[in-house]
Amino acid sequence: MRKKLLTALLTLVCSGAFAIETVPIKGSIISPSDKFIQYTGRISFTNPERPAWNYPGIQIVASFEGTSLRMIAKPRSGYFVAQIDQAEPFKVAFRGERDSVVTLATALPNGVHTVRLMYAIEGYEFFPEFWGFVLDKGKKLVETPALPSRKIEFIGNSITCGYGNEGLKKEEGFDYATENHYYSYASITSRNLNAQHWVVARSGIGAYRNYGEAKTGSPRSCMPVQYEYTGYAWDLKLREEATFLREKWDFSRYQPDVICINLGTNDTSTNNYDLDLLKQGYQKLLKQVRDHNPKAKIVFLTGTMLYNKELREVKQLLDEVTAEAHKAGDKEVYRFDMAPISGEEFYGNDYHPNVYEDEKMAVELTAYLRSLMNWF
């Protein structure tokens, strides 16, 4: 039996699927290219046996036979949130150099079950890859329930990612262990509305200027640049090292009904910004988003980390950009402001929203989108 398992593994390695050291895997190995696996989000399938990405919120859904389920991923892929059937979601970690197989479920009633996986963090340092599932011997995947027909896209920064939302102290800095997109306002809103949601978000990014960068902007790495690609290259040299980061995104793969753009916090950071350049950045991004998504409603949001002068200025700019779009003939551009963080109990790490603040934001945005889209 051991010889047969090793032979199977060698066959997979030679075919370009995946390599798991020399440890045999007992059970039925399911390829990432299995026709019954559903994927959502900006994922590169350049190598269909190693789907790759680095934005948060990527989802993998499959229905499987049997009593157990294991997941195979590239070591150090980071954190996922898993849910089996209707049970409580739980976090799964691929953090070690040899962590490649993680058990998601055992001792389930023998039958058909559904697993839902969501990438919980920003993977721009990990370059995560999904390598498949392991089922009970002789078991297979079966047809998965259809994805929701409603579609949302979120374009944003750390607030949309879920940066620090599981943190307990605002004075504590970033840790991947406290970032959880599953509990972000974007993810909660989408579940409230029974909608798919795809994410183009990265901490520190702006419409024209990334956090702490020059007043003249970040012309090589702000959102209008990154929006065109499948993944985010925080260091442009990485485009040469990771093939999928050079991959232009195929917008025909996902045409959302509504697109929420939540930027501006980083643009106006560190009291070092140019409002004219910020407006130009919003206008450029709006044109890109509209060109790629001609039928979508587009909503400019303000998040919960803008206050006082910066909040007033960003609101005014977004009102102007929206009004000018209407005047130019695009009537499907909208505005919505979520309330700023109102108390100490709503802060996570680095003064970001915690999960309770994310829930508040989601309540506000859910009500707005439900009315806007007539999603009742």
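The values are calculated or read from the model by the stated rules, or taken from the named source; none is laboratory data. Quick caveat, the model's predicted, so the values are computed rather than measured. Heads up, the Cβs are rebuilt from the backbone with ideal geometry, glycines too, and the neighbour counts pull from every protein chain shown. Side chains included, ligands, DNA and RNA excluded: accessible areas come from the protein's heavy atoms. Shrake-Rupley method; radii C 1.70, N 1.55, O 1.52, S 1.80 Å.
Consider residue 88 carefully, then state whether it is open to solvent by 10 Å² or more (accessible area, probe 1.4 Å), touching a strand residue (DSSP E or B) at 6+ places or on another chain (Cβ under 7 Å), modelled with pLDDT of 95 or more and not aromatic (Phe, Trp, Tyr).
Against the criterion (open to solvent by 10 Å² or more (accessible area, probe 1.4 Å), touching a strand residue (DSSP E or B) at 6+ places or on another chain (Cβ under 7 Å), modelled with pLDDT of 95 or more and not aromatic (Phe, Trp, Tyr)), residue 88 does not qualify.
Hey, does segment 230-248 have a residue that's free of Cβ contacts under 8 Å to residues at least 60 places away in the same chain, of a type in the set (Val, Ile, Thr) and open to solvent by less than 40 Å² (accessible area, probe 1.4 Å)?
no
Quick check: is even one residue across segment 232-240 among the aliphatic types (A, V, I, L, M) and either part of a helix (DSSP H, G or I) or over 17 Å from the mean Cα position of the chain (by Cα) (or both)?
Yes: segment 232-240 contains one or more residues that are among the aliphatic types (A, V, I, L, M) and either part of a helix (DSSP H, G or I) or over 17 Å from the mean Cα position of the chain (by Cα) (or both).
Among the numbered criteria (1) in a strand (DSSP E or B); (2) of a type outside the set (Phe, Trp, Tyr); (3) touching a helix residue (DSSP H, G or I) at 6+ places or on another chain (Cβ under 9 Å), which one does residue 102 miss?
So the condition that residue 102 fails would be (3).
Considering each residue of segment 191-215, count those that are farther than 17 Å from residue 265 by Cβ and among the aromatic types (Phe, Trp, Tyr), and give that number.
Of the residues in segment 191-215, 1 are farther than 17 Å from residue 265 by Cβ and among the aromatic types (Phe, Trp, Tyr).
Within segment 154-169, which residues are over 16 Å from the mean Cα position of the chain (by Cα) and under 24 Å from residue 209 (Cβ atoms)?
none
For segment 296-342, name all the residues that are farther than 12 Å from residue 263 by Cα and in a loop (DSSP other than H, G, I, E, B).
Across segment 296-342, the qualifying residues are 296, 307, 328, 329, 330, 331, 332, 338, 339, 340, 341, 342.
What are the pairs with Cβ atoms under 6 angstrom where one residue, in segment 207-224, is on the phi > 0 side of the Ramachandran plot and the other, located anywhere, is crowded, with 24+ Cβ neighbours inside 10 Å? Sequence gap at least six, or different chains.
Within 6 Å, the pairs are 217/208; 217/209.
Considering only residues that are of a type in the set (Phe, Trp, Tyr) and under 30 Å from residue 233 (Cβ atoms), look in segment 65-123 and name the one that is farthest from the chain's Cα centre (by Cα).
94
Kindly provide the set of residues from segment 35-47 that are in a loop (DSSP other than H, G, I, E, B) and farther than 19 Å from residue 126 by Cα, ordered by number.
Result: 35, 36, 37.
Among the listed residues 4, 35, identify the single one that is modelled with pLDDT of 95 or more, open to solvent by 50 Å² or more (accessible area, probe 1.4 Å) and of a type outside the set (Gly, Ala, Ser).
35
Note down all Cβ pairs under 7 Å where the first residue falls in segment 80-94 and is over 12 Å from residue 121 (Cα atoms), the second is assigned to a strand (DSSP E or B) and of a type in the set (D, E, K, R), and they're at least six residues apart or on different chains.
Sorted first by the residue in segment 80-94, then by its partner, the pairs are 83/116.
Output the number of residues of segment 110-156 satisfying the condition of being among the aromatic types (Phe, Trp, Tyr) and touching a Pro at 6+ places or on another chain (Cβ under 8 Å).
The number of residues fulfilling the criteria is 3.
Conditions tested, residue by residue: (1) open to solvent by less than 20 Å² (accessible area, probe 1.4 Å); (2) more than 23 Å from the chain's Cα centre (by Cα); (3) among the hydroxyl-bearing types (Ser, Thr, Tyr).
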| residue | (1), (2), (3) |
| --- | --- |
| 335 | no, no, no |
| 343 | yes, yes, no |
| 346 | no, no, no |
| 350 | no, no, no |
| 356 | no, no, yes |
| 360 | no, no, no |
| 367 | no, no, no |
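Residue check, residue 179 against (1) surrounded by 18 or more Cβ atoms within 10 Å (Cβ to Cβ); (2) under 28 Å from residue 296 (Cα atoms); (3) modelled with pLDDT of 95 or more, all met but one. Which one?
Unmet for residue 179, out of (1) surrounded by 18 or more Cβ atoms within 10 Å (Cβ to Cβ); (2) under 28 Å from residue 296 (Cα atoms); (3) modelled with pLDDT of 95 or more: (2).
Which members of segment 278-298 meet the condition of being farther than 16 Å from residue 228 by Cβ, of a type outside the set (S, T, N, Q) and open to solvent by 50 Å² or more (accessible area, probe 1.4 Å)?
Across segment 278-298, the qualifying residues are 294, 295.
Given (1) crowded, with 23+ Cβ neighbours inside 10 Å; (2) in contact (Cβ under 8 Å) with a residue 40 or more places away in the chain, identify the lone condition not met by residue 190.
For residue 190, the exception is condition (2).
Residue-wise test of (1) touching a residue at least 60 places away in the same chain (Cβ under 8 Å); (2) in contact with a helix residue (DSSP H, G or I) (Cβ under 9 Å, 6 or more places away or on another chain).
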| site | (1), (2) |
| --- | --- |
| 254 | yes, no |
| 259 | yes, yes |
| 300 | no, yes |
| 304 | yes, yes |
| 324 | no, yes |
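So how many residues does segment 112-155 have that are within 25 Å of residue 191 (Cβ to Cβ), assigned to a strand (DSSP E or B) and not hydrophobic (A, V, I, L, M, F, W, C)?
Counting residues in segment 112-155 that are within 25 Å of residue 191 (Cβ to Cβ), assigned to a strand (DSSP E or B) and not hydrophobic (A, V, I, L, M, F, W, C) gives 7.
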